[in-house]
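**Q** Okay, here's the structure, questions in a sec.
The values are calculated or read from the model by the stated rules, or taken from the named source; none is laboratory data. On a predicted model such as this, the values are computed, not experimentally measured, just so you know. Cβ atoms come from the backbone with ideal geometry, glycine included; neighbour counts cover every protein chain shown. Note: areas computed on protein heavy atoms with side chains; ligands, DNA, RNA excluded. Shrake-Rupley method; radii C 1.70, N 1.55, O 1.52, S 1.80 Å.
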Number of protein chains: 2
Amino acid sequence: MWFAVFGRSTVTRDSIIYKTMTTAKSDTIATRISRRLADRIISGSIEAGAKLRQDHIAEEFGASHVPVREAFRRLEAQGLVVSEPRRGVRVAGFSVEEVREVAEMRAALEVLALRNAAPHLTKAILDQAEDATRAGDRAGDAEAWEKANRAFHRIILAPCGMPRLLKAIDDLHTASARFLFSGWRAEWEAPTDRDHRAILAALRAGEVEAAASVLARHVQWTGHKGQKSSPFPAAARR
Amino acid sequence: MWFAVFGRSTVTRDSIIYKTMTTAKSDTIATRISRRLADRIISGSIEAGAKLRQDHIAEEFGASHVPVREAFRRLEAQGLVVSEPRRGVRVAGFSVEEVREVAEMRAALEVLALRNAAPHLTKAILDQAEDATRAGDRAGDAEAWEKANRAFHRIILAPCGMPRLLKAIDDLHTASARFLFSGWRAEWEAPTDRDHRAILAALRAGEVEAAASVLARHVQWTGHKGQKSSPFPAAARR
DNA sequence: ATTCCAGAAATTATCTATTATTCTGTCGCA
DNA sequence: TGCGACAGAATAATAGATAATTTCTGGAAT
């Protein structure tokens, strides 16, 4: 078992996604708390619907409730928790419709990003993306695969130079990852990534629209995949 | 002049956009503060680059600094302010590139929403949208026009039933509105909305793709419009 | 005048302690 | 079994304090 159960004072292996565990002393405690909670939520270490009690979390991180509350607001904005006044926050649930919704949004936005990135893609960048794809093939578990997958998408989309768009895509990717982990945790097998290679081939050939259409299908497939394989909780609707 | 200058204890006419001034006593002080600050930022009542000092704002709202900080986190997530640790938050600036970025994101997401909403559009809904369009034509100032414009988009997109998507579109709309106000404040003339009518006509005829393509162009036009007419500050990049 | 720097003032980020309000869950009673 | 009162928790917010950092300001030195 990779993940310890969440509790008052349990130490959990964090930062699966945000590998930049730099904890640069420049950022605030609130930021650190929100990052670590995000990791736990994404990994499934805290399950959907679970209540997050500010005092317990404050105690666990050796902080007061003020930065914890700020962290909550950030997680709320990312859609990872839902907050009801005077009732506290709980980990957001996600239904099939929401997963589909996120997939469609990702498809739309990633296509936009790719179109804008295309003119700036160099051979070096595409080679990097190819490395990421190979890393995904070699992945031994869902976490490693997800990390490689995210890297691939980031590499080919980042050159669009649209920070707000990239942030939005990243948040959606996070939501996808949650779903992925919840569905595939048990029976994992590395899927050699045909789509990634098709996208790279099209980009190398300068066929941007072809690449975009494969990308759109690819992202939406990720959204559908679990519809059959994943028995996750309908959980936590307001 | 509609807007008083922002200061320690100046009363400002708020809530241009969020007409639901319900202040339902159910929501928190932090929520109220974030809403009112958002309105001021959107309307241009606080200008880009301005520092927001937590204690001053707390004093003005008769609150302590804790809810103010939470409000800041929310505004940060919406992209209305930028926060630097230990330096405080300031109203986000926006460059032409950012405006274009927001417009393109809106176009992509609104098209997605429209495609999903189309099957659920009824005559009654389209009539409502037409009313909103007419309200826009009659608008005497930028605020009224923006309100009607937002209503139009909401009315035709809401039936998609994708809450996360709608929230994202709304935040982007907010960003657009800021830009709109900054550029058009001075010389305002109501533009009879040809595009809105074209969209409605296409929807009435069941031509969803035609409607979507007009919508995409329409939204992007909004993004371009100001490129010539608006001399706004390059302001506040980190 | 312009630049540079030290000290002062202001501001952020945080903590601790306290209060009001609102949930939640349990116990007794019909 | 179902229902209402009550006690215990938890949230939301206040107030006040403190350390660290940033920003401002008023000269020296160039």
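**Q** Return the residues of segment B:71-111 that are touching a helix residue (DSSP H, G or I) at 6+ places or on another chain (Cβ under 9 Å), within 11 Å of DNA strand C (Cβ to nearest atom) and more than 11 Å from B:LEU52 (Cβ to Cβ); say none if nothing qualifies.
**A** B:ARG73, B:PRO85
**Q** Within segment A:197-211, identify whether any single residue is modelled with pLDDT under 95 and open to solvent by less than 70 Å² (accessible area, probe 1.4 Å), and answer yes or no.
**A** The answer is no, given that none of the residues of segment A:197-211 is modelled with pLDDT under 95 and open to solvent by less than 70 Å² (accessible area, probe 1.4 Å).
**Q** Also, quick follow-up: Just to be sure I understand, how many residues within segment A:38-62 are within 14 Å of another protein chain (Cβ to nearest Cβ) and either outside any helix (DSSP H, G or I) or under 24 Å from A:LEU172 (Cα atoms) (or both)?
**A** Within segment A:38-62, residues that are within 14 Å of another protein chain (Cβ to nearest Cβ) and either outside any helix (DSSP H, G or I) or under 24 Å from A:LEU172 (Cα atoms) (or both) number 1.
**Q** Next question. Please tell me if B:GLU60 is charged (D, E, K, R), away from DNA strand D (no atom under 16 Å from the Cβ) and crowded, with 16+ Cβ neighbours inside 10 Å.
**A** Taking the combined requirement at face value, the residue does not satisfy it.
**Q** Please verify whether B:ARG164 is within 14 Å of chain A (Cβ to nearest Cβ) and free of Cβ contacts under 8 Å to residues at least 60 places away in the same chain, treating the condition exactly as stated. If you could, list the steps in order and put the result at the bottom.
**A** Numbers: within 14 Å of chain A (Cβ to nearest Cβ): yes; free of Cβ contacts under 8 Å to residues at least 60 places away in the same chain: yes.
Yes; evaluated as a whole, the condition is true for this residue.
**Q** Here's another thing I want to ask about it. Among the residues of segment B:156-184, count how many are over 15 Å from the mean Cα position of the chain (by Cα) and surrounded by fewer than 21 Cβ atoms within 10 Å (Cβ to Cβ).
**A** Residues meeting the conditions: 5.
**Q** Got at least one residue in segment A:24-34 being within 14 Å of another protein chain (Cβ to nearest Cβ), more than 23 Å from B:GLN78 (Cα to Cα) and free of Cβ contacts under 8 Å to residues at least 12 places away in the same chain? Write out each step before concluding.
**A** So the first thing to find is which residues in segment A:24-34 are within 14 Å of another protein chain (Cβ to nearest Cβ), and the list is A:24-34.
Narrowing the set further to residues that are more than 23 Å from B:GLN78 (Cα to Cα) leaves A:24-25.
With free of Cβ contacts under 8 Å to residues at least 12 places away in the same chain added as a condition, the list becomes A:24-25.
For segment A:24-34, residues within 14 Å of another protein chain (Cβ to nearest Cβ), more than 23 Å from B:GLN78 (Cα to Cα) and free of Cβ contacts under 8 Å to residues at least 12 places away in the same chain: present.
**Q** Another one. Hey, does segment B:34-57 have a residue that's more than 12 Å from DNA strand D (Cβ to nearest atom), among the aliphatic types (A, V, I, L, M), touching a helix residue (DSSP H, G or I) at 6+ places or on another chain (Cβ under 6 Å) and open to solvent by 20 Å² or more (accessible area, probe 1.4 Å)?
**A** no
**Q** What single numbered condition from (1) farther than 22 Å from B:ARG40 by Cβ; (2) modelled with pLDDT under 95 fails to hold for B:ALA234?
**A** (1)
**Q** Residues that are facing chain A (nearest Cβ under 9 Å) and crowded, with 20+ Cβ neighbours inside 10 Å, at least 1 per element: which helices (runs of 4 or more DSSP H) completely within segment B:65-150 meet that?
**A** Qualifying helices (runs of 4 or more DSSP H): B:65-77, B:96-117.
**Q** Cβ-Cβ below 6 Å, separation at least six or inter-chain, first residue in segment A:70-97 and over 15 Å from B:THR31 (Cα atoms), second away from DNA strand C (no atom under 16 Å from the Cβ) and acidic (Asp, Glu): which pairs?
**A** Within 6 Å, the pairs are A:GLN78/A:ASP171.
**Q** When segment A:38-57 is examined, which residues are found to be among the acidic types (Asp, Glu) and either touching a Pro at 6+ places or on another chain (Cβ under 7 Å) or within 16 Å of DNA strand C (Cβ to nearest atom) (or both)?
**A** If the condition is that a residue be among the acidic types (Asp, Glu) and either touching a Pro at 6+ places or on another chain (Cβ under 7 Å) or within 16 Å of DNA strand C (Cβ to nearest atom) (or both), then A:ASP55 is the only one that fits.
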